[in-house]
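This report concerns only the one structure given below.
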Amino acid sequence: MTKPLKACVIGYPIKHSKSPLIHGSWIHDHGLEGSYEAIEIHSDNLENGIRNLIDQGYSGFSVTVPHKQTIMDLCDKIDEKAKTIGAVNTVIIKDGKLYGTNTDAFGFLENIKQKEPDFNFENISCVVLGAGGAARAVIYALQKAGVKEITLTNRTKERALDLQRMAPDLIRVEDWRDRNKLLKNKDFLVNTTSLGMQGQALLEIDLDALPQTALVNDIVYAPLMTDLLTQAKERGNKVVTGIGMLLHQARPAFELWTDIMPRVDQALEDQILK
Ligand code: ATR
């Protein structure tokens, strides 16, 4: 990289974003010059806001709520991953043009691989709770990782049926009220809903039918040990927390802007959770 990194995360609101801490830590560790800030852009001002970033010479930016879908219309090119997931979370600016991609599926998979390196995704049976934007990235990742089947359940069934179109042969949609019994004979359970997050309702689920050998992951990371993960751990299941997905999804973005693929370690996780 020749010129200093000039990158940011855009969203509304943005002040609670952990991305400046994550990227700032990597800029420091690699002795780079440059900055990564949080920039608040309201939906009504998205196009103008992006134009300003281009004019100011930004190398790129991360995209968070509520712009992950709307930014797609402003991109000159979007890669296959982001198209399939239906959202862009990372943009590279080159010669005034915007290239959109999505690193959430990578982040999800790398988190599990780092925390449970012996867990094998090939030919396993999974249950995915939720059918929002996060679920789309998780299902994309599970498909690429070679799982055998995905049972998908969501409070609003139509959203699950819509997501099923991403991989009709792989995904089976079941009613939300049947979520407890779906856990029978499954190898992997992931919660992609916002249930269990600080300030949200708890995820009501009975894990009795889930084999003790199954791995359980929650993409909620505040609190770090959600009620789901606590319950799972108490009955002997291995669990992976959600913070790693946030950390790992930032790595390919940093690489795209700097040509350096940064690492995620416990020290970074502790720093972000402080
Ligand atoms: P994200 O992009 O982070 O996935 P989202 O698109 O708002 O966010 O999705 C939130 C998910 O949490 C959805 O699966 C949502 O279910 P609905 O599609 O039925 O809205 C789920 N969710 C949120 N609150 C819920 C609740 N009280 N009970 C069950 N599911 C809930």
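Does V88 fit the bill of being within 16 Å of the ligand (Cβ to nearest atom), without any contact (Cβ under 8 Å) to a residue 40 or more places away in the chain and not polar (S, T, N, Q)? Criteria met by V88. Taking the numbered list (1) over 18 Å from I71 (Cβ atoms); (2) open to solvent by 80 Å² or more (accessible area, probe 1.4 Å) in turn, D44 passes all entries but (1). A single entry from S59, S19, S43, S25 fulfils the requirement of being over 22 Å from A141 (Cβ atoms), at pLDDT 95 or above and touching a strand residue (DSSP E or B) at 6+ places or on another chain (Cβ under 6 Å): S59. Scanning segment 163-189 for residues that are among the aliphatic types (A, V, I, L, M), part of a strand (DSSP E or B) and touching a residue at least 40 places away in the same chain (Cβ under 8 Å) yields a count of 1. Exactly one residue among R172, R165, R159 is basic (K, R), near the ligand (Cβ under 10 Å from one of its atoms), in the same structural domain as R235 (by TED's automatic domain parsing) and farther than 18 Å from N237 by Cβ, and that residue is R159.
Regarding N180, is this residue on the phi > 0 side of the Ramachandran plot and surrounded by fewer than 19 Cβ atoms within 10 Å (Cβ to Cβ)? No; evaluated as a whole, the condition is false for this residue.
Counting only strands (runs of 3 or more DSSP E) wholly contained in segment 50-162, the ones carrying 2 or more residues that are open to solvent by 10 Å² or more (accessible area, probe 1.4 Å) and over 28 Å from G24 (Cβ atoms) occupy 149-154.
Inside segment 192-221, can you point out the residues that are under 21 Å from K18 (Cα atoms), within 13 Å of the ligand (Cβ to nearest atom) and of a type outside the set (S, T, Y)? If the condition is that a residue be under 21 Å from K18 (Cα atoms), within 13 Å of the ligand (Cβ to nearest atom) and of a type outside the set (S, T, Y), then L195, G196, M197, G199, Q200, D218, I219, V220 are the ones that fit.
Scanning segment 204-231 for residues that are open to solvent by 10 Å² or more (accessible area, probe 1.4 Å) and assigned to a loop (DSSP other than H, G, I, E, B) yields a count of 12.
The values are calculated or read from the model by the stated rules, or taken from the named source; none is laboratory data. Just so it is clear, the structure is predicted and the values come from calculations on it, not from any experiment. Methodologically, a virtual Cβ is constructed for each residue, glycine included, from the backbone with ideal geometry; neighbour enumeration extends over all protein chains shown. Side chains are part of the model used for accessible areas, which takes the heavy atoms of the whole protein and leaves out ligands, DNA and RNA. Shrake-Rupley method; radii C 1.70, N 1.55, O 1.52, S 1.80 Å.
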